[in-house]
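Okay, structure first, notes after.
The values are calculated or read from the model by the stated rules, or taken from the named source; none is laboratory data. Predicted model, so just to flag it, every value in this text is computed and none were measured. Here Cβ is always computed from backbone atoms with ideal geometry, including for glycine, and neighbour counts include all displayed protein chains.
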Amino acid sequence: MATKLPPENYLQLWERAAEQEIGLCINVVPEDQQKLVLALYDCRKTFGGFEELMIFQPKPEGTVFIARKTVELPE
C-alpha cells in the first residue's frame with residue numbers, strides 16, 4: 001500500500017470528484033504527490049467504480065486532478 005492509511009480514507013475524494021461537473025483539484029506537497037496518487041488508485045481498485053473518472057498530474061508538481069474522462073459543457 002502506498003501510505004499507512006487504509007484505502008477507505010481516500011474514498012471521499014473519489015466521491016467528491018464524482019459529484020462535480022468536471023472533477024476535483026487536490027493541492028499536495030510535491031514530495032507526497034506520488035504517494036497520494038498510488039493511494040487513490042489503490043482505493044479505486046479496492047472499492048471499484050469511478051470508471052468515468054481519471055487522475056492526471058499537470059506540471060509543475062503539487063497538483064492532482066480527479067476529473068471526468070468526458071465532459072460536455074453548455075455553450
Using the structure shown, decide if PHE65 is surrounded by 15 or more Cβ atoms within 10 Å (Cβ to Cβ), at pLDDT 95 or above and either among the acidic types (Asp, Glu) or assigned to a loop (DSSP other than H, G, I, E, B) (or both).
no
Quick check on PHE50: is it in a loop (DSSP other than H, G, I, E, B), surrounded by 12 or more Cβ atoms within 10 Å (Cβ to Cβ) and touching a strand residue (DSSP E or B) at 6+ places or on another chain (Cβ under 9 Å)?
yes
Can you tell me which residue among LYS35, LYS45, LYS4 is farther than 17 Å from THR70 by Cα, out of contact with any Lys or Arg (no Cβ under 6 Å at 6 or more places or on another chain) and outside any helix (DSSP H, G or I)?
LYS4
Using beta carbons and a limit of 8 Å, which pairs, at least six apart or on different chains, have the first residue in segment 17-41 and on the phi > 0 side of the Ramachandran plot and the second one in a strand (DSSP E or B) and at pLDDT 95 or above?
GLY23/LEU53; GLY23/PHE65; GLY23/ILE66; GLY23/ALA67; GLY23/ARG68
Applying the selection to segment 16-47, what residues are over 19 Å from LYS59 (Cα atoms), surrounded by 13 or more Cβ atoms within 10 Å (Cβ to Cβ) and among the charged types (D, E, K, R)?
ARG16, ASP42, ARG44
